[in-house]
Every structure is written in C-alpha cells, then in structure tokens.
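Participant: Questions regarding the structure given below will be posed in turn.
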Amino acid sequence: MESSSLDIRPAELEDLDAIATIWARGWKEVHEGVVPDALLAHRQSGTLRHAAEERLGEILVAARGLEIAGFIIVHRDEVEHLYVSTGARGAGIANRLLARGEALIATCSSSAWLAVVEGNARARHFYERNGWHCRGEFLHQARVANGTVGVPTMRYEKQLR
C-alpha cells in the first residue's frame, strides 16, 4: 500500500471494527511476553473496539478507500496509541499519522508525550527517529477486568513549537 494514496481523516463509526482488529493484532504482536498475562487477556478485539468507540473523536485513521491501514489516538497532549496494519507497514504510514497527531497536539500544547512499554524496542526506535526523547521510566497502571496491573513503561516527550 502506497502512503501517497492515503487519506488521513477523523475516524467514523464504520471504522471501529477495522481499528479494533489492527489494534488487537498489533498490540499482541509487540506486547506478548513483555507485559503481564492479565493485561494480555484483557486486550482483545472486543474490549479494544469498546475503547476505540469511547475515543472516537480522538482518532485519526489512514484510509485508502474503505480500507483502514492504521490509526492514531491523540488525547490532549498525549499520543495514546499508534498502530499500522501488518500489510501496510514500511510505506511511511506511521510517520504520516504521527506527523498529523503532532500537528493536532501543537494546536493546544507546545509539547507532547507518549508512553512505550519498556520492552517494545521497535516503537522506541521509531519515536527516537522521529525526534522524541526518552525522559525515564514509570509504572503505568493499565486497566484490566478486575482493576489495574502495573506495566514498566518509558515516557517520551517532544517539543512541538
């Protein structure tokens, strides 16, 4: 999939199933063996679809026609999630989504932040290549069915203006 043929636009209700599928597959791929099993069990397509529906107004999708290739969730000054479907990787889609997310954040904040699970080396390198700087570790309390579970996480920040 060529990134030049993409339309980056606000997510719509019709996009939720594709967003949840990309999110669930991508999340499991990079977090299996890195986060507690309780969190893996909780992060399934159904729970992620519900989470995406709750954040619908904060999601941008990369679409080519009716096909969703990836998405970014931006909440205030935070890049919450960024995923690209397996078949669409390597075409610059993540870079374009991140740039749009950063531009959106820059309208209300001079800096942005995001969290990356400590063991997710691919994501850490991606953000570092895009000008983000690691500011240290914190214990993220991730929601699960019966409460929260602590996940060692790295905080990244970037000056936007």
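Participant: In the range 49-60, is there at least one residue being farther than 24 Å from ALA112 by Cα and among the small types (Gly, Ala, Ser)?
Facilitator: Checked against the condition, which is being farther than 24 Å from ALA112 by Cα and among the small types (Gly, Ala, Ser), the range 49-60 yields no hits at all.
Participant: For the range 105-112, check the following and say yes or no: at least one residue is within 24 Å of LYS28 (Cα to Cα) and either part of a helix (DSSP H, G or I) or of a type in the set (A, V, I, L, M, F, W, C) (or both).
Facilitator: No, every residue in the range 105-112 fails to be within 24 Å of LYS28 (Cα to Cα) and either part of a helix (DSSP H, G or I) or of a type in the set (A, V, I, L, M, F, W, C) (or both).
Participant: Regarding the range 100-113, can at least one residue be identified that is surrounded by 19 or more Cβ atoms within 10 Å (Cβ to Cβ) and touching a helix residue (DSSP H, G or I) at 6+ places or on another chain (Cβ under 7 Å)?
Facilitator: Yes; the residues of the range 100-113 include at least one that is surrounded by 19 or more Cβ atoms within 10 Å (Cβ to Cβ) and touching a helix residue (DSSP H, G or I) at 6+ places or on another chain (Cβ under 7 Å).
Participant: Could you check THR21 against (1) more than 15 Å from the chain's Cα centre (by Cα); (2) under 24 Å from ARG100 (Cα atoms); (3) assigned to a helix (DSSP H, G or I) and say which number it fails?
Facilitator: Looking at each condition in turn, THR21 falls short on (1).
Participant: Right, next: Would you be able to say whether some residue in the range 128-148 is more than 14 Å from the chain's Cα centre (by Cα), part of a loop (DSSP other than H, G, I, E, B) and closer than 23 Å to ARG9 by Cα?
Facilitator: yes
Participant: Given (1) assigned to a helix (DSSP H, G or I); (2) touching a residue at least 12 places away in the same chain (Cβ under 8 Å), identify the lone condition not met by LYS158.
Facilitator: Tallying (1) assigned to a helix (DSSP H, G or I); (2) touching a residue at least 12 places away in the same chain (Cβ under 8 Å), LYS158 fails exactly one: (1).
Participant: Still on this structure, please answer the following. When you go through VAL79, VAL74, VAL116 one by one, which is the residue that is in a strand (DSSP E or B) and in contact with an Asp or Glu (Cβ under 6 Å, 6 or more places away or on another chain)?
Facilitator: Going through VAL79, VAL74, VAL116 in turn, just one is in a strand (DSSP E or B) and in contact with an Asp or Glu (Cβ under 6 Å, 6 or more places away or on another chain): VAL74.
Participant: Test of understanding: among GLY119, GLY57, GLY92, GLY136, which residue is modelled with pLDDT under 95, surrounded by fewer than 19 Cβ atoms within 10 Å (Cβ to Cβ) and small (Gly, Ala, Ser)?
Facilitator: Step by step, each of GLY119, GLY57, GLY92, GLY136 is checked, and only GLY119 is modelled with pLDDT under 95, surrounded by fewer than 19 Cβ atoms within 10 Å (Cβ to Cβ) and small (Gly, Ala, Ser).
Participant: Yes or no: ALA142 within 17 Å of VAL30 (Cα to Cα) and surrounded by 20 or more Cβ atoms within 10 Å (Cβ to Cβ)?
Facilitator: no
The values are calculated or read from the model by the stated rules, or taken from the named source; none is laboratory data. Here the structure is a predicted model, which is why all the values come from computation and not from measurement. Cβ atoms come from the backbone with ideal geometry, glycine included; neighbour counts cover every protein chain shown.
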